[in-house]
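Only one structure is covered here, and it is reproduced in the block below.
The values are calculated or read from the model by the stated rules, or taken from the named source; none is laboratory data. Values in this document were obtained by computation on a predicted structure and should not be read as measured data. Ideal geometry is used to build each Cβ from the backbone, glycine not excepted, and the neighbour counts take in all protein chains shown. Side chains are part of the model used for accessible areas, which takes the heavy atoms of the whole protein and leaves out ligands, DNA and RNA. Shrake-Rupley method; radii C 1.70, N 1.55, O 1.52, S 1.80 Å.
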Amino acid sequence: MARPPAAEPGGWSWSGLASSLFVANPEVPPLWDDSDLDPPDNVPNRDSYRRLDTFDSGASSSSRFGASFSSMSSPSRALFGAGTDQASPQRGAAASSSGLSVLKKQGATADPGLDAVSAQRLLERLELANRTLASDPKMIMVQNGSIRTADSTLQTLTVTPAAISGGESDDAAPADDTFWETLLTESDGRTSLARLPHLIAARIRTSGIPARLRSQLWLRIAGAHIDNLHMVYPALLAEHSSFENIIQRDVSRTFPKVELFAEQGCSGQKMLFNVLKAFSVFDRDVGYCQGLSFCAGIMLMQGMSEQEAFSLVVRLLEESSSPTPAQPTTPASGAPLIGIGAIYALRSCFLPDMAGLHQALFQHTELVRAVDPALDKHLRECGISATMYASQWFLTMFSYNFPLELVFRLFDIMLVDGAMLTMVRFSVAILLLNHDRILGAVEIESLLALLKGEQLVAQYRGSWNALIKDVLDVTPNITQSTLGDLKLKYLREQQDSSREAAKAEIQRLNELVKQLARERDKARGELSAALKENARLTSANVELKEKLKQNDELQLRMLKENQVLLATIEQFEEAKQQ
Amino acid sequence: MRGGRKALLKVIILGDSGVGKTSLMNQYVNNKFSTQYKATIGADFLTKEVLVEERSVTMQIWDTAGQERFQSLGVAFYRGADCCALVYDVNNVKSFENLDSWRDEFLLQANPRDPENFPFVVIGNKVDVEESKRQVTQKRAMAWCQQKGNIPYFETSAKEGINVEQAFFTIAKNSLKQEADVELYSDFPDPIKIDGDTSVAKSAGCEC
């Protein structure tokens, strides 16, 4: 398999940056401390109110999100490696190996099979590990460009037995279920999950979430389980949406080969319709955008209810959080890593101008160009732009043409590392990992067929943990801050091009002004000629009037003479008669 | 100059969501119809080798997403197109009324050399559906086509494979003519090009 040269150990200039950020820099504050562990009592209500309020006002700001995930992504990637999970009860109900199977909704609390006391004990150990990881950067050291932790306890707790073995089925071992079930236990009205963002992120990257726990864990990690949205859901459904026709057409064209949605008018299609329709009413600016049906479909495939899938769609698109989040946060940004308040900000991808998608395509293209210039050049020479293959990837969260098990695995990671960051990492990495095959294809047809997706991951079939590991290994330089820089660059270029357009418009208007001036001058010339003619005519008119007057006088005189003459004749006649 | 080289024709299929663009392309290229197509997101793409006037050409057919907002992605697909097929559903009047905006948007983004004479083909699809559901008459559609510069018009059923071959054959023929015209331009030095421009435009107009 081809790797770009930059991915070789030690080859990344980025590793220096990593060490300064996470190892050498004593300024890095703990992401969490004990005082943060007890949130205000009214967390859920405040948060729910905030969320509805935010969406209604349509306010958007993703700036806080920008910083929050960048500070967590790297230390938590430290936890790759071999090890065995000590707490491994022999539970027959291993997770289904198929993510496609529709699973019944799991209870909100732990499996009753898990002893409450031992769950509590395990949880305490996990919290300790999480705190250690979060607060002591010295725990982490950089080795060969990847970051590892020295703490053996941590490794024991976070690494699954099956991790990164490759070749075998990736599905989490039963032992993994215990880990996650422990995290689903609630104490003081909160799940334990939100206390352990770093451990969870690490665990999710190495081995993912067990299929049968996915729906509950996704909702909890995204903070979609506590909100008032389920209360407004029936009201949203009752309203009319102008998108109903297109949604109706699309539900039968979303995962048509997946059993849940396969049959015309089946319950899966109805659920999908309802979720999308409710969303189109909830967020009228987005309404419905093709691609969303696939995103919602991914959720329903986990066995979520309509309301749950709706809440999760809302959370994924949501762009801003309240000024005072109710959860423990990273001091740098104020946004929580996991749970209520975590921001995924995919909304702009689906708005009518699709600005977020254009930006993501730009980020993807720039990163490919920077990391693998030969590949970028090859694609450009073959006439292929990212729009042609990656729009589909981003708008459907890779579910259009990649194997669904992999899609679910990516979705796990999106929830802890950030949605767009994970998608861009994957989109870039999957090209880098196929460097030779892409350069080997010269016909646009074969290239676009390859870039659809399935073929790109064929060599990993079933070994998704190994793929994810390779993806993260070849993209250590893609962080929230990289994406932030590229976003600025994109916006600058947009600004430049609109400035260019404005300049061209000004030039056009200047030309128009000149032309109008020319026409005006011409008209002036004509006017002055006309005025002269007018003057000439006026004077001629005066002359004529004068002549006319003389004429009149002459006529008058002649009339008088005539009268005198007539009088004379009369006198003469009278004299003659007499 | 163009005799020996194999021609590559780029064809764009546009039209509202759900009018059958994907089905038309698949019926033409693979002679297949399925009710299990996914909604097209972004664009999809198939190729077919055809023989036009004793010349072998490769048709590169781009099937695009029908939702209006996807037009913002259009420029990546439209550039360099040799022909554009505008598709509507004869049982959906809205999809017919939107042909104007699809045509305008295409000309705006593809920015062809000679927009007045760029080859379009209009396809009214789904004629297999029962007559009582029909919302756009053939007369109305043909009047529109005539008004837009005598655009060739076809009524098809991608489901039953009616008229699909004929529509695409016309697309291929007109694209080839368009391509030849473009080649003609680039062969002439500048002063003559202007003359060439008008004469070619006129002849293309007459033949349509």
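Any chance you could run the full-extension gain for residue A:524 through residue A:491? It's 0.36 nm times the residue separation minus the Cα-Cα distance, nm to one decimal.
7.1 nm
Separation of the range B:1-63 and the range A:344-415 by C-alpha centroid, Å? Here the answer is 24 Å between Cα centres. Measuring heavy-atom accessible area with a 1.4 angstrom probe and counting protein chains only, the residues of the range B:63-104 that give up at least 40 Å² relative to the chain alone are B:67, B:69, B:70, B:72, B:73, B:76.
Counting only other chains, and only Cβ atoms inside 10 Å, what mean value do you get across the residues of A:389-398?
On the way: counts 3, 1, 7, 7, 2, 2, 5, 4, 0, 0.
If you average over the peptide's residues, the count of other-chain Cβ atoms is 3.
Here the calculated FRET efficiency for residue A:443 and residue A:540, from their Cβ-Cβ distance with R0 = 56 Å, stands at 0.05, rounded to the nearest 0.05. When only Cα pairs below 8 angstrom with a gap of at least 6 residues are kept, the range B:57-190 shows a relative contact order of 27 percent. In order along the range A:376-384, the phi-based Karplus estimate (6.51 cos²θ - 1.76 cosθ + 1.60, θ = phi - 60°) of 3J(HN,Hα) comes to 4, 5, 4, 4, 5, 5, 7, x, 10 Hz; Gly and Pro are listed as x. For residue A:560, the lysines whose Cα falls under 28 Å of its own Cα, not counting residues fewer than eight places away in the same chain, are A:545, A:547, A:549, A:576. Do any residues of the range A:228-259 show a loss of at least 20 square angstrom of accessible area between the isolated chain and the full protein assembly, using a 1.4 Å probe, and if so which? So the qualifying set is A:246, A:249, A:253, A:256, A:257. Centre-to-centre, using Cα atoms only, the range B:153-172 and the range A:440-474 are separated by 36 Å. The mean sequence distance of close C-alpha pairs (under 8 Å, at least 6 residues apart), as a share of the length of the range A:249-328, puts its relative contact order at 25 percent. Interface residues of the range B:34-59, defined as a loss of at least 40 Å² in heavy-atom accessible area between the chain alone and the complex of all protein chains with a 1.4 Å probe, are B:36, B:38, B:39, B:41, B:44, B:45. Approximating the spin labels as points 7 Å out from Cα along Cα→Cβ, the residue A:248-to-residue A:436 distance works out to 5.3 nm.
Ignoring ligands, DNA and RNA, what percent of the accessible area of the range A:448-492 is carbon or sulfur (1.4 Å)?
Roughly 54 percent, rounded to a whole number.
Heavy atoms of the protein chains alone define the surface here; on that basis the range B:47-93 has 32 Å² accessible area per residue at 1.4 Å probe size.
Exceeding 30 Å between C-alpha atoms, which entries from my cross-link table qualify? They are B:10/B:159; A:514/B:10; B:94/B:148; A:277/A:469. Flagged as over cut-off: A:514/B:10; A:277/A:469. Please list, in chain and number order, the residues 5+ apart from residue B:10 or on another chain whose amide H is under 5 Å from its amide H, with Hs placed from the backbone. Placed amide hydrogens put B:60, B:82, B:83 under 5 Å from residue B:10. When the range A:338-483 is described by a simple charge dipole with +1 on each Lys and Arg Cβ and -1 on each Asp and Glu Cβ, the residue from A:387, A:432, A:476 located farthest towards its positive end is A:476. Extension gain, residue A:531 to residue A:511, is 4.2 nm, computed as 0.36 nm per intervening residue step minus the present C-alpha separation.
Explain nothing, just the number: relative contact order of the range B:1-95, from Cα pairs under 8 Å at least 6 residues apart, as a whole percent. Show your work: numbers first, answer last.
On the way: 148 pairs, mean separation 41.4, N = 95.
Reported as a whole number, the value is 44 percent.
Could you tell me the distance between the Cα centroids of the range A:220-265 and the range A:544-558, to the nearest Å? When both Cα centres are located, 100 Å separates them.
What is the calculated FRET efficiency for residue A:454 to residue B:128, with r their C-beta to C-beta distance and R₀ = 25 Å, to the nearest 0.05?
Details: r = 32 Å, r/R0 = 1.29.
Once rounded, the FRET efficiency stands at 0.20.
In this simple spin-label approximation, residue A:262 and residue B:104 carry label points 7 Å from Cα along the Cα→Cβ vector, and these lie 4.5 nm apart. Excluding ligands, DNA and RNA and using a 1.4 Å probe, chains B and A jointly bury around 2500 Å² of accessible surface, summed across both partners. Modelled label positions at residue B:68 and residue A:499, each set 7 Å beyond Cα in the direction of Cβ, lie 3.3 nm from each other. Please give the net charge around residue A:386, taking every other residue with its beta carbon less than 11 angstrom from that of residue A:386, where Lys and Arg add +1 and Asp and Glu add -1. In short, 0.
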